[in-house]
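Dumping the structure here so I can ask a few things about it.
The values are calculated or read from the model by the stated rules, or taken from the named source; none is laboratory data. Since the structure is predicted, the reported quantities are computational estimates derived from the model, not experimental observations. We place every Cβ from the backbone using ideal geometry, glycine too, and count neighbours over all the protein chains shown. Keep in mind that these areas ignore ligands, DNA and RNA; they rest on the heavy atoms of the full protein, side chains included. Shrake-Rupley method; radii C 1.70, N 1.55, O 1.52, S 1.80 Å.
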Amino acid sequence: MQQRLATVPFGRHNAGTMQSPLISRPNLLRRIPMPLLAILVGLFCGLFVWLVLEQVQPRALKSIFADELKVRLEQQARETLIRYNNYVTAHTSTIRLLANHRKLSQYLEPVHWLESDREVPFVYYNTPPWLPNTALWRTLIQPSHILLIDKQGRTREIYQVGKRNLPSELAGINELFSSENRVQALLTTLGDEPYLLVSETAEDATGTVMGLLMMMAPIDEQFLTSSQQGVALDDVVVGLLDADEQRFLSSSDYKRLPPGVLMEKVEHDYQVTDQSFFEYEGSTINIQFATLVPNTVMEVIRGRVAGLERRQRIITATAFVTIFTLVFYLLSERLNRILRRISLFSRRALGEAQPIIEQGNQLFVLEDWIKQFIRLVRDARDEMRQQHEFEMQESEALKRTIMEAALDSIVTIDETGRIIEFNNTAAQTLGHDRDEVIGESFAELMLDVKNQPVFRNMLNSFLENPGDQKEEVQHEMWAVTREGNQLPVEIAIKPIQLQTRVVFTVYMHDMSNRRRAEQVIRSLAKFPSESPSPVLRVNQPGVIIYANAASAPLLEYWGCEQGQTLPLYWKKRISDVFLSGKDWESQLVSDDRIYSLLITPVVDLGYVNIYGRDITAVRQAEHQAREHQQELIHVCRLSTMGEMATGLAHELNQPLSAIANYANGCVRRLQLSGNGGDDILHALGQINSQADRAGEIIKRLRSLIGKQPPIRSVADINQLVKEVCSFVEFQARKANVVIEQELSLVLLKARVDVVQIEQVLLNLVRNALDALLEIQEDERSLIIRTSCQAGGYILIEVLDSGPGIQDEAMGRLFEPFYTTKQSGMGMGLVISQTIIEDHNGKISAERLEEGGTRFSIMIPSGEERDG
Ligand code: ADP
């Protein structure tokens, strides 16, 4: 099971089916790497926050700005009013100074204003004598008129400062000042114009109250501008307002706010703050002091503040987004790297090649890995469970199969020896049916009576000594089949400890086959001793370990017995065989018998087996065969000679006729005269040589015809060829053929039977001549060639230009009695082959391409053989 699991790569399991859902999920988000995602999210958040702020901030700012503005406006209004009051106070103080000035008191000293005097007041256009002529007070105040009024309130003298005439409505005012509760300063309208009236008691030098010094100042554009004491009034306009009519009486800027304009008309363009005067209680009308700030100015300020705020906001937001995004980027980059490393690790751990995307958001990649991992674990768990169940079933089946397939009989018994289960082999071997034997006593049913107590003892010893229960005990016993036949069996009992009890498995091995095999082995062991041929075993030092009865002649020859060492020569041979490790065959010739000995080394076990064979009969048969062969060769030679007899007779005829002629010549010369001894001597010499020649021919003929034992001697092959050629000279001449001898310049020596080799060559040359007879005379050619060949061989070739050998004849050339000639015997080539093979050579025939036949003989050269 473990092996099976190990061979299924964990990560690759079902990879094909699992990748698809993971990969096919089309999700752009998954493909974006985390750092990029971090940047995008950062930017998006920044933008979102920006948009929210853009909506909220300006509104909040506007409200804050409005509140602030209100406060500021009120502040400013208060300030302008204070400045205005200060300016009025300056007038009051100045008038007080002027009223108490020495010049006025001096002027009034001699003056007596009569009550009845109705004179028109005297008007000065230059500085009157009751006022100091210094410029000091003129810089402080800007009156239109300064009046000197008597105690009755009549205006006695007037100083007109500017060009403006005295307003006609002045009369009522005088009364106001002359009353008991007169006020020192009064704000009123004269005509439509607002005026500031300031008065102070005028006394003469003696301290007598003469009347009043009153100053009139029109509160016009100039007055109001001056009242603000040099403070820039570009963005602010101050004015006096008729509170009842809501109409402006005067302003610091007549262009923007001319007198008489209604409040409602300016409210669109200005922020107006109006305040009541508390100090001028004597005012005849309800006048208010108004401070106006133009809306355009407000807008500019507001715009400036909003712009400033917006810039600040942009800088703050940009800095915030940048830092936030950067931090997020760095964190996610680091996280990304860690996740990628985990992913790579997971990939290696799971052994996945490329089941899921690797790029993109590592968080998703890791999520995929984790899903994948969980799935794999689940699959592996399922597979393991299945595998386990399968293996359990398999194991059960296997156990059953093993039990059923076991060659031995297996019987399971309980502790009382009763059969619980048994296998097929037991049923077949003992011939019982399963149903019959379950519950029966094993020993009584299946064992021989003699063995039953032994078996029970075995069981009891197991039960009494539970410590030995692990051991398996074996005994040879006799089992009994259903038919009552006895079987030799080897019984082994193996106890099996179950949870509650002990059961035993009894293995019964049928030993009849083994007994039979032992018999066969025993009979095999007797096999060499039964052999009619000598069989011996000799160990490496040469001591005879075993020798069968047939080896007696050999032991007698060697002069030793079993257990003794072999003679020195054979001992040496045996150690050679050990060294070579190869079989060695040899012959041993005793007095009357010949043995062939095959010595086979068994190197591993350190001995050799010697298998002897009596080959005396074989050798005798071979000897006879060789004799027959010689006989045959001789007969063939005789036959050849018979055939050549005519030619030979003719050959002999020539020297004999020459001899006769020379002899006759000699006789005649001797009869004719006594001299001519030289001629006679010459003729006699010729007679002698011709007789030698004839003798030579006859001698050679005799050597060929004569029956002689085969004798090997070293011969010059070229010489042999020459002799054969001279032998057939007559026949060749008759056929009008010149035998060309292409003989090797090197001396070719071979150890041969000269007569036999000549016989072979003679046969080949004669066959060639026969073949040449079948063609035109002028086409006939016969070559005998000798040469030295590689490997120490001599090649003799006989080539003729005859008609050649037909295909079907080629295969049969060397068959006995195969001939195409009328008078042929068909034994020439057969004998030739026998002779050449006897010389360890080879003879072969082939058809020449240009027409004709070549016979080749290869024989080992004499040097090689002679060493
Ligand atoms: P024989 O010469 O008595 O026929 P051989 O055994 O010498 O017996 O030859 C067998 C046959 O081989 C010949 O009959 C001939 O047909 C064939 N033969 C042998 N030598 C030649 C040759 N040089 N050219 C053609 N045929 C040949």
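At 1.4 Å probe size, with the rest of the protein present, what percent of the exposed accessible area of the chain is carbon and sulfur atoms?
The computed percentage sits at 55.
Also, I was wondering about something else. So for the chain: antiparallel DSSP bridges make up what percent, rounded to the nearest 5?
In the chain, DSSP labels about 95 percent of beta bridges as antiparallel.
Another question about this same structure. Rounded to the nearest 20 debye, what is the charge dipole size of region 25-131 about its Cα centre when +1 sits on each Lys and Arg Cβ and -1 on each Asp and Glu Cβ?
So the dipole magnitude of region 25-131 works out to roughly 1080 debye.
Sequence gap at least 6, Cα distance under 8 Å: using those rules, report the relative contact order of region 513-641 to the nearest whole percent.
That works out to 20 percent.
To make sure I understand the rule: partners must be lysines, Cα under 30 Å from the Cα of residue 62, and not fewer than 8 residues away in the same chain. Which ones qualify?
70, 265
Pick out, in residue order, every one of the trypsin sites (Lys or Arg not before Pro) in region 518-564 that is DSSP loop and has at most 12 other C-beta atoms within 10 Å; say none if there are none.
Answer in residue order: 526.
Right, here's the next one. From the P(r) of the chain, can you give the percent of Cα pairs sitting at distances over 49 Å?
I get 73 percent for the Cα pairs in the chain exceeding 49 Å.
Here's something else I'd like to know. Got a sec? Charge dipole of region 566-701, +1 on Cβ for Lys and Arg, -1 for Asp and Glu; which of 616, 568, 639 is way out at the positive end?
568
I need to check one value: relative contact order of the chain, counting alpha carbon pairs closer than 8 Å and at least 6 residues apart, in percent.
Once normalised by length, the contact order is 7 percent.
What percentages make up the Cα-Cα pair-distance distribution of region 620-763 when the bins are 10 Å wide from 0?
With a bin width of 10 Å, the distribution comes to 10, 29, 28, 18, 10, 4, 1, 0.
Among 690, 711, 721, whose Cα projects farthest towards the positive end of the dipole of region 687-735, with charges put on the beta-carbon of Lys, Arg (+1) and Asp, Glu (-1)?
711
Identify, among 64, 532, 441, the residue whose Cα sits farthest towards the positive end of the charge dipole of the chain, taking +1 on the Cβ of Lys and Arg and -1 on the Cβ of Asp and Glu, with the dipole about the Cα centre.
My answer, from the dipole projection, is 532.
Too long at a 32 Å Cα-Cα cut-off: which of 103/255; 526/571; 582/749; 749/821; 151/255?
Too far apart for the 32 Å limit: 103/255; 582/749; 749/821; 151/255.
To test your reading of the geometry: what angle, between 0 and 90 degrees and rounded to tens, separates the Cα axis of helix 754-772 from the longest principal axis of the chain?
80 degrees
I've got another one for you. Explain nothing, just the number: dipole magnitude of the chain about its Cα centre with +1 on each Lys and Arg Cβ and -1 on each Asp and Glu Cβ, in debye rounded to the nearest 20.
Computed charge dipole of the chain: roughly 1360 debye.
A further question on this structure: Roughly how tilted is helix 717-727, in degrees to the nearest 10 and between 0 and 90, from the longest Cα axis of the chain?
Taking the Cα atoms of the chain, the angle to 717-727 is about 50 degrees.
Students often check this: by mean Cβ neighbours within 10 Å, which of 626-633, 145-152 ranks highest, and how do the rest follow?
Highest mean packing first, the order is 145-152, 626-633.
For region 422-532, give the magnitude of the charge dipole about the Cα centre (Cβ charges: +1 Lys/Arg, -1 Asp/Glu; no others), in debye to the nearest 20.
300 debye
Less than 24 Å apart at the alpha-carbon level, and either on another chain or at least 8 residues along: which lysines does that give for residue 494?
399, 450, 470
While we're here: Straight-line reach from residue 842: which aspartates and glutamates have Cα under 17 Å away, leaving out those fewer than 8 places along the same chain?
753, 758, 797, 815, 864
By how many degrees, between 0 and 90 and to the nearest 10, does the Cα long axis of helix 828-838 differ from the longest principal axis of the chain?
Its long axis makes an angle of about 70 degrees.
Further, regarding this structure: Give me the accessible area per residue for the chain, probe 1.4 Å, as a whole number in Å².
Ligands and nucleic acids excluded, the result is 57 Å² per residue.
Report the accessible area of residue 659, computed with a 1.4 Å probe over the heavy atoms of all protein chains in place, in Å² rounded to the nearest 10.
Surface open to solvent at residue 659 totals about 30 Å².
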